[in-house]
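Down below is the structure, laid out as structure tokens.
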């Protein structure tokens, strides 16, 4: 029988019921301290019976890495209890749930974090000029990602995703447009990916046997920026460090680059190319609305899982309808 959008897939000891992924999308439903709320749990429960994998929105690993005032946090052991309640509620519905770890870097503002944003170099990504991180601070952030991963495991998440896309801190280190450092963390591609690889290695140390995902910004879509060839090189190194699934999106261009909005699955061609290099499991998507189009991507072997974000956000029964319609067509 051919593989389809509804085919189960096993990653390590985690079985996904199908290939539909709810990607991480910020809800701003947490408290001002980053704690889980009943509204946030209710939001994710809508998707649990139908999606193969839910990836919870980016959670900040340090307080200076927060990007909005009601973003979900994982910077303190006090967050574990609420996060555990979230995973328990999803598991009651036989859902599989991952969480995305992130640091905003230069993509936050002083009005949010009460201090100057930090970055690899003093180059603005938003409107404010950030402060260049010291090497000691870089090591502290690496450690914070590891501690966040430990908390996620203790909270019962089935998988962990590291956010290396969308112009956030890891993405800022990787891009030659935002990383102008002269030390071992800047310069050529091998140096620019050093920090993300250190983060992955530290996260892996705490994650142990559960699946580790990495959201990779495949391209900046800007002159002089990160290229697909750079991303292929990074992808291979990530797999060597133990990443099980690559989740392909954009770099400094973000998740919805205007120049790609006239097509569905606009990041899928990038995922295909990276898959040829690494052979690892690949999540792809970008503006997908049509469930039959999503199914076709899997049937043709272009990618292994499909993320459907905005379509599911506007219609929480998108995955349910996909399951029902494709089941009838079998």
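The values are calculated or read from the model by the stated rules, or taken from the named source; none is laboratory data. Computed from a predicted structure; not experimentally measured. Because the Cβ atoms are built from the backbone with ideal geometry, glycine has one as well, and the counts that use them run over all protein chains shown.
Would the stretch 127-143 turn up any residue that is touching a strand residue (DSSP E or B) at 6+ places or on another chain (Cβ under 8 Å), in a loop (DSSP other than H, G, I, E, B) and either in contact (Cβ under 8 Å) with a residue 60 or more places away in the chain or at negative phi (or both)?
First, the residues of the stretch 127-143 that are touching a strand residue (DSSP E or B) at 6+ places or on another chain (Cβ under 8 Å): 130-133, 137.
Keeping just the survivors that are in a loop (DSSP other than H, G, I, E, B) gives 130, 133.
Now narrow it down to the ones that are either in contact (Cβ under 8 Å) with a residue 60 or more places away in the chain or at negative phi (or both): 130, 133.
The answer is yes; a qualifying residue exists.
Condition check ((1) touching a helix residue (DSSP H, G or I) at 6+ places or on another chain (Cβ under 8 Å); (2) surrounded by 14 or more Cβ atoms within 10 Å (Cβ to Cβ); (3) at pLDDT 95 or above) across all residues:
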| position | (1), (2), (3) |
| --- | --- |
| 64 | yes, yes, yes |
| 77 | yes, no, yes |
| 81 | no, no, yes |
| 94 | no, no, yes |
| 104 | yes, yes, yes |
| 127 | no, no, no |
| 133 | yes, yes, yes |
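Among the residues that make up the stretch 182-199, is at least one of them surrounded by 24 or more Cβ atoms within 10 Å (Cβ to Cβ) and either farther than 25 Å from residue 303 by Cα or at pLDDT below 95 (or both)?
Scanning the stretch 182-199, I find at least one residue that is surrounded by 24 or more Cβ atoms within 10 Å (Cβ to Cβ) and either farther than 25 Å from residue 303 by Cα or at pLDDT below 95 (or both), so the answer is yes.
Go through (1) modelled with pLDDT of 95 or more; (2) surrounded by fewer than 21 Cβ atoms within 10 Å (Cβ to Cβ) and name the single condition residue 36 misses.
Against the list (1) modelled with pLDDT of 95 or more; (2) surrounded by fewer than 21 Cβ atoms within 10 Å (Cβ to Cβ), residue 36 comes up short only on (2).
Any idea how many residues of the stretch 254-296 are part of a loop (DSSP other than H, G, I, E, B), free of Cβ contacts under 8 Å to residues at least 60 places away in the same chain and over 17 Å from residue 20 (Cβ atoms)?
Our first condition is that a residue be part of a loop (DSSP other than H, G, I, E, B); within the stretch 254-296, this holds for 254-257, 261-267, 279-280, 286-290.
Those still in the list that are free of Cβ contacts under 8 Å to residues at least 60 places away in the same chain too: 256-257, 261-267, 279-280, 286-290.
Subset that is over 17 Å from residue 20 (Cβ atoms): 256-257, 261-263, 266, 279-280.
Residues in the stretch 254-296 being part of a loop (DSSP other than H, G, I, E, B), free of Cβ contacts under 8 Å to residues at least 60 places away in the same chain and over 17 Å from residue 20 (Cβ atoms): 8 in total.
With the structure loaded, tell me whether residue 196 is part of a helix (DSSP H, G or I), in contact with a helix residue (DSSP H, G or I) (Cβ under 7 Å, 6 or more places away or on another chain), free of Cβ contacts under 8 Å to residues at least 60 places away in the same chain and at negative phi or whether it fails that test. So that I can check it myself, show each step before the final result.
Working: part of a helix (DSSP H, G or I): yes; in contact with a helix residue (DSSP H, G or I) (Cβ under 7 Å, 6 or more places away or on another chain): yes; free of Cβ contacts under 8 Å to residues at least 60 places away in the same chain: yes; at negative phi: yes.
Criteria met by residue 196.
In the stretch 109-125, how many residues are surrounded by 17 or more Cβ atoms within 10 Å (Cβ to Cβ) and touching a helix residue (DSSP H, G or I) at 6+ places or on another chain (Cβ under 7 Å)?
Residues flagged as surrounded by 17 or more Cβ atoms within 10 Å (Cβ to Cβ) and touching a helix residue (DSSP H, G or I) at 6+ places or on another chain (Cβ under 7 Å) within the stretch 109-125 amount to 6.
So which of 205, 215 is buried (at least 24 other Cβ atoms within 10 Å of the Cβ), outside any loop (DSSP other than H, G, I, E, B) and in contact (Cβ under 8 Å) with a residue 24 or more places away in the chain?
Numbers: 205 fails: buried (at least 24 other Cβ atoms within 10 Å of the Cβ).
Step by step, each of 205, 215 is checked, and only 215 is buried (at least 24 other Cβ atoms within 10 Å of the Cβ), outside any loop (DSSP other than H, G, I, E, B) and in contact (Cβ under 8 Å) with a residue 24 or more places away in the chain.
Examine the stretch 290-312 for a residue that is surrounded by 15 or more Cβ atoms within 10 Å (Cβ to Cβ), closer than 22 Å to residue 27 by Cβ, at pLDDT 95 or above and over 22 Å from the mean Cα position of the chain (by Cα), and state whether such a residue exists.
No; the residues of the stretch 290-312 include none that is surrounded by 15 or more Cβ atoms within 10 Å (Cβ to Cβ), closer than 22 Å to residue 27 by Cβ, at pLDDT 95 or above and over 22 Å from the mean Cα position of the chain (by Cα).
Can you pull out the residues in the stretch 45-62 that are within 26 Å of residue 295 (Cβ to Cβ) and not in a strand (DSSP E or B)?
45, 46, 47, 48, 49, 50, 51, 52
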